[in-house]
């Protein structure tokens, strides 16, 4: 665990929020409503939002009546969202590769491909272990991940966009094991140029099934988009996995 890991630097950058500003609370609320109904989540359930960022999903979950704890590796993100805390909403700066609360939550969520960032399989297994251990017996974990096969076929290799006066030049590519996104930022107002590179592991449904099973979690459902339509290995843009803690 190194201080210069790409996600530590990029997720703490103000330009991350600018680039992904279209991911708003309205979008989050739509997904939460569907998941809460599908999972039959009782009001006042205890919920973990792992890799919560600026709390987009956490705040919606709390507004729906759940007791929510959000954790994220970014100190700046957590410092900002801690201002939103209530008696049903709490945030902690935490690396999900390390143990957190044990046998405490009824539900755990990992949204918006907030996984697959680590260098080794062991680190990914450590993160799954943290999520599994945080759940009560029969608790439910939901992981929202990209669909590797769809993403490979629909990779937009080059893109330039301007947001809030900042130009983002984006290059995407992949190899056998990872997807990459190089983001070159040009902020003329500040006479500043920065570059960040995202790297995401190509985990398949089989990979997740193995990692989850090893930590006592059994896959129950797999959805292919944010409307929770059935997962199709070639056609679905997302791979949203729900799993139950069976031991």
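The values are calculated or read from the model by the stated rules, or taken from the named source; none is laboratory data. Computed from a prediction, not measured in an experiment: that's the story for all the values here. Using ideal geometry, Cβ is built from the backbone for each residue, glycine included, and neighbour counts are taken over all protein chains shown.
Structure above, values below:
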| read-out | value |
| --- | --- |
| Checking residue 139 against (1) surrounded by 13 or more Cβ atoms within 10 Å (Cβ to Cβ); (2) touching a residue at least 24 places away in the same chain (Cβ under 8 Å); (3) more than 20 Å from the chain's Cα centre (by Cα), the condition it does not meet | (3) |
| Residue within the stretch 10-18 that is over 28 Å from residue 242 (Cβ atoms) and in a loop (DSSP other than H, G, I, E, B) present | yes |
| Qualifying residue in the stretch 123-131 (condition: touching a residue at least 24 places away in the same chain (Cβ under 8 Å) and farther than 19 Å from residue 243 by Cβ) | yes |
| Residue count, the stretch 219-247 (criterion: surrounded by 21 or more Cβ atoms within 10 Å (Cβ to Cβ) and assigned to a loop (DSSP other than H, G, I, E, B)) | 0 |
| Close pairs from the stretch 15-28: first assigned by TED's automatic domain parsing to the domain that holds residue 59 and within 14 Å of residue 184 (Cα to Cα), partner modelled with pLDDT of 80 or more and part of a helix (DSSP H, G or I), Cβ under 6 Å, at least 6 apart | 16/10 |
| The stretch 32-44, residues that are surrounded by 20 or more Cβ atoms within 10 Å (Cβ to Cβ) and either touching a residue at least 40 places away in the same chain (Cβ under 8 Å) or farther than 17 Å from residue 141 by Cα (or both) | 35 |
| Test: residue in the stretch 45-65 that is touching a helix residue (DSSP H, G or I) at 6+ places or on another chain (Cβ under 7 Å), touching a residue at least 60 places away in the same chain (Cβ under 8 Å), crowded, with 20+ Cβ neighbours inside 10 Å and at positive phi | yes |
| Selection status of residue 200, modelled with pLDDT of 95 or more and either closer than 25 Å to residue 37 by Cα or surrounded by fewer than 13 Cβ atoms within 10 Å (Cβ to Cβ) (or both) | no |
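Every residue, every condition in (1) touching a strand residue (DSSP E or B) at 6+ places or on another chain (Cβ under 8 Å); (2) under 20 Å from residue 234 (Cβ atoms); (3) in the same structural domain as residue 122 (by TED's automatic domain parsing), yes or no:
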residue	(1), (2), (3)
158	yes, no, no
161	yes, no, no
164	no, no, no
167	yes, no, no
171	yes, no, no
180	yes, no, no
185	yes, no, no
194	yes, no, no
207	no, yes, yes
